[in-house]
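Here the structure is laid out as structure tokens; the discussion comes afterwards.
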Amino acid sequence: MDHAANKGAIVVIGGANLEYIIKSDRPIDYGGKNSVEIEELYGGSGVNYSLRLLRTCAKVYPVLFVGKDHAGVQIQQALATACMSNDPKVHAFIESDNFFVPDVTTPRSTIIVEGSRRTILTQDRNRHNTFHTFVRKRCSETEGVTALVIGHIHSDKPETVGSEDEMSTLLAIRAFEEEHPLIYANFGSSQIAHGFGFWQKHLHAVDILQLNIYEMKRLFREGDDYPSLHRIVQKLQELGISAIITLDKFGAIGILKGHDDTIFMARPVELGDRFVDSTGAGDAFCAGMVSSLNGKREIDIEAYKEAMAVARSWAVYACMSYGGANACPGAGTIETFHEEIVHDNEVLLYRGDRVKDIFALIDITMELHDA
């Protein structure tokens, strides 16, 4: 693995919230009394990426939807503690009073974990788009940026933004046009709700788009029709979009712009009794990809294959603890873990029509998994 300390800075823009994890070793009896464990953690896409990257000595500028309240201060302190970089500008950026979005209440969420099943309940009392101005200001305070990660920006939901100029996602992309960083987008429900018709004209500026298979199907939905995985991949290839499609426990699929004859497949890694909770595994995968590809704009097959293998290790490690970023490993720990599972973590390359049947099988398997 490349050492994060030797690379440029990463700007992370996304959500932040306080998470209450409710853990049950048996299915919840809704309407009845249940004996459970409750743990308070931090979460949200922006927090998850930032904590994981900061722990590996990466230089990270977190631009998060967080208010100056008890939860927000806790999140700021957690990020400051996790920061292993010796760059004083990064420390000052995190520890500044400008870290907090004015007039914002840090959102809360409750995650009910029943074995491999998760139910997420969210609470967001913010009704005004105050994040847009905040993003503009904070992005102007960064320097040496070689990667931009955009996670779920709740204030970009269709009912909140009146025009493209009010979207924080687009503002972030445009803010770094001259620096030409690697741009990695892992959209959430608010951004996906705009539909592919809206995003098609903007995704040319994004180097890699990551969504899980259900999110991809919602993004490409036409009316009540959800496209097959094969059709989604074809569409992404036709438009020249590099993408990662995560498949929860079943691995991940990679598509690389300029290599339409090649499909990358990160096969699943079986953790056995070490598996705890898959919350945040997709965010960990994103952070691993960015850690590996930070600073690269011209990505070849070998670099993409290696990045997916690294990202899969980050995602698998995340499944061994509760919450989105509860036990973030340091650089040495994640490198050792990667070497431990690398032979079970091979990224396979498929070419030609061989993938059609595999994609059809994945569609069926995911449907059965949800049944």
Practice item. Name the shape class, rounded, prolate or oblate, that the alpha-carbon gyration tensor gives for segment 158-220, where a ≥ b ≥ c are the square roots of its eigenvalues, rounded holds for a/c under 1.5, and otherwise prolate holds if a/b is larger than b/c and oblate otherwise. Key: oblate
Practice item. Run down the lysines and flag those whose C-alpha is under 16 Å from the C-alpha of LYS305, throwing out any fewer than 8 positions away in its chain. Key: LYS257, LYS296
**Study point:** Pairwise Cα inverse-distance average, inverted: Kirkwood Rh of the chain (Å)
**Key:** 20.8 Å
Exercise for review: Sort largest first and round to whole Å: the equivalent ellipsoid semi-axes of segment 1-144, each the square root of five times a Cα gyration tensor eigenvalue.
Suggested key: 31, 19, 11
Check your understanding: In a Debye calculation with equal point scatterers on the alpha-carbon sites of segment 293-371 and no solvent, what is log10 I(q)/I(0) at q = 0.13 Å⁻¹?
Key -> -0.60
**Study point:** Cα-based reach from LYS68 at 24 Å (exclusive), listing lysines while leaving out same-chain residues under 8 positions away
**Key:** LYS59, LYS89, LYS137, LYS157
Point to revise | Cα→Cβ-extended label distance, 7 Å offset, between ARG297 and GLU159, nm | key: 4.0 nm
Practice item. Could you give me the percent of Cα pairs per 5 Å distance bin for segment 64-170, shortest bin first, beginning at zero and ending with the bin that holds the maximum distance? Key: 2, 10, 17, 20, 20, 15, 10, 5, 1
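Readers should treat all values here as calculations from the given coordinates under stated rules, not as data from a laboratory. Because the structure is a prediction, the values reported are computed rather than measured. Using ideal geometry, Cβ is built from the backbone for each residue, glycine included, and neighbour counts are taken over all protein chains shown.
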